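Some notes on the structure that comes next.
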Amino acid sequence: MSDFKTLDQLSADTPRGSIILIRADLNVPLDEHGTVRDATRLERLLPSLEKLSDDGFRIGVLSHFGRPKGQRVSEMSLAPVADALANMLGQPVAFADDCIGDTAANALSALAEGGICVLENTRFHAGEEADEAGFAKALAAPAAAYVNDAFSAAHRAHASTHGITNYAPTYCGLAMQAELDALNAALGAPQRPVVAVVGGAKISTKLDLLGNLSARVDTLVIGGGMANTFLAAQGYSVGKSLCEDAMLDTARAIMAEAEKHGCTILLPRDAAIAPEFAAGQTADIVSAKAVPDDKMILDAGPAAIIDICAAFDEAATLIWNGPLGAFEIEPFDAATNQAAQHAAALTQKGQLTSVAGGGDTVAALNHAGAGENFSYVSTAGGAFLEWLEGKSLPGVAALSA
Ligand code: AMP
């Protein structure tokens with residue numbers, strides 16, 4: 001995005017051999033042997049690291065890991081992640097036992113041009129989450145410039161995502177740029193019509209999201225458990241289904257707000273039901289207006305899937321958050337699978353820009369075998385949701401401050 005300074009500008013502004021700090025998200029899941037279970041976030045970081053290395057900078061990688069709450073906790077050391085990064089890059093990656101002070105400065109100065117050093121967990125210092133000026137200044141001290149490549153941490157005003165930008169020239173990393181471009185294509189300046197899918201368990205956790213989307217998209221597909229609350233708000237009985245009775249007025253208010261903005265809300269016409277939320281059941285298909293008292297809705301039905309796919313056919317842009325049913329248990333993954341596969345096929349034909357993320361969405365789309373064929377799948381949880389809610393993210397705002 002044009003108001004941020006890019007890595008090309010960094011290379012033009014900064015002498016070769018300078019120390020550059022890059023804020024990454026190395027907060028990846030590790031197993032008990034310290035092996036990375038899902039390296040997606042590391043893979044996305046490689047282009048920025050490779051470019052900075054090719055341009056001959058000395059690179060320090062900053063990140064949080066877990067929630068050590070300002071204490072040194074050995075299980076939350078970034079050392080194993082530095083090793084994983086070295087394997088992926090095919091070049092050695094040094095490790096410094098602290099992210100500030102002489103330890104950090106000496107490790108960074110000792111690097112050869114193009115060398116990379118992971119600095120220990122920023123959250124081992126209380127100043128990180130407190131966005132303390134003294135700590136931010138200490139982080140920035142060895143660096144000629146700072147790059148933020150961690151969109152997933154950008155919803156937090158912490159020293160390594162926010163305060164540090166007061167003490168070093170600030171640039172936008174390639175992964176951050178790709179994320180912001182995708183988000184802008186989805187909701188900033190999208191091709192219309194725009195359809196949004198919001199699924200998942202409850203309305204109560206997605207109120208701001210539903211409010212913002214209903215004012216900005218053309219069609220809002222509501223699925224998953226939260227669709228039950230909307231059906232109940234329209235006066236239909238939903239049997240034993242997950243339903244937030246305290247949210248019925250809220251659901252009605254969201255529907256009224258959507259109507260005011262010309263946004264069509266698409267609720268499931270039919271449903272896959274079973275006696276309980278458990279594996280090994282067969283689904284019965286019923287009208288969403290005729291759910292028996294002793295059954296619960298666990299997925300959208302085949303007619304609803306046809307409606308959703310037809311909405312995708314009409315759309316130029318799709319934003320997706322949350323599964324359409326209890327996708328972890330077969331056969332209640334059918335709606336999520338079929339709709340995701342259809343969106344992926346339209347994307348591959350060049351008909352649809354599809355952007356997805358938040359919570360269980362990545363797992364649901366991967367379960368459907370569709371994630372790779374979306375235009376963009378965000379690995380950021382909270383930051384992606386806050387952005388969908390229309391909030392300003394401190395780490396993004398600080399890039400152009
Ligand atoms: P969320 O974290 O709010 O995105 O919710 C995701 C969870 O919603 C998944 O674990 C799904 O199993 C669950 N879910 C989706 N549809 C239903 C449903 N109809 N009834 C109960 N849980 C559901």
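Which condition does LYS202 not pass, out of (1) within 12 Å of the ligand (Cβ to nearest atom); (2) at pLDDT below 95; (3) surrounded by 24 or more Cβ atoms within 10 Å (Cβ to Cβ), if it passes all the others?
Status for LYS202: all satisfied but (3).
Among the strands (runs of 3 or more DSSP E) confined wholly to segment 267-371, which include 1 or more residues that are in contact (Cβ under 8 Å) with a residue 40 or more places away in the chain and surrounded by fewer than 24 Cβ atoms within 10 Å (Cβ to Cβ)?
Filter on segment 267-371 gives 270-274, 296-300, 317-321, 353-356.
Would you please name the residue that is farthest from the ligand (Cβ to nearest atom), looking only at residues in segment 277-288 that are out of contact with any Leu (no Cβ under 8 Å at 6 or more places or on another chain) and modelled with pLDDT of 95 or more?
Here the answer is SER287.
Scan segment 22-40 and give yes if some residue there is in the same structural domain as ALA107 (by TED's automatic domain parsing), surrounded by fewer than 12 Cβ atoms within 10 Å (Cβ to Cβ) and of a type in the set (A, V, I, L, M), otherwise no.
no
Going through segment 340-361 one residue at a time, which ones are among the charged types (D, E, K, R) and within 16 Å of the ligand (Cβ to nearest atom)?
ASP360 - this is the single residue of segment 340-361 that is among the charged types (D, E, K, R) and within 16 Å of the ligand (Cβ to nearest atom).
Cβ-Cβ under 7 Å, sequence separation 6+ or interchain: first residue in segment 389-401 and in contact (Cβ under 8 Å) with a residue 24 or more places away in the chain, partner β-branched (Val, Ile, Thr) and in a loop (DSSP other than H, G, I, E, B). Which pairs?
Close Cβ pairs satisfying both conditions: PRO394/THR161; GLY395/THR161.
Before we move on, is LEU187 hydrophobic (A, V, I, L, M, F, W, C), surrounded by fewer than 23 Cβ atoms within 10 Å (Cβ to Cβ) and in contact with a Phe, Trp or Tyr (Cβ under 9 Å, 6 or more places away or on another chain)?
Taking the combined requirement at face value, the residue satisfies it.
Suppose we keep only residues that are surrounded by fewer than 24 Cβ atoms within 10 Å (Cβ to Cβ) and not in a helix (DSSP H, G or I) within segment 212-232. Which one would you say is nearest to the ligand (Cβ to nearest atom)?
The selected residue is THR219.
If HIS162 meets every condition in (1) in contact (Cβ under 8 Å) with a residue 40 or more places away in the chain; (2) within 19 Å of ALA339 (Cβ to Cβ) apart from one, which number is that one?
Here HIS162 clears every test but (2).
Does MET88 qualify as being hydrophobic (A, V, I, L, M, F, W, C), out of contact with any Phe, Trp or Tyr (no Cβ under 8 Å at 6 or more places or on another chain) and in a helix (DSSP H, G or I)?
yes
The values are calculated or read from the model by the stated rules, or taken from the named source; none is laboratory data. What you see is a predicted model; the values in this text were computed from it and never measured. Backbone-built Cβ (ideal geometry, glycine too); neighbour counts: all protein chains shown.
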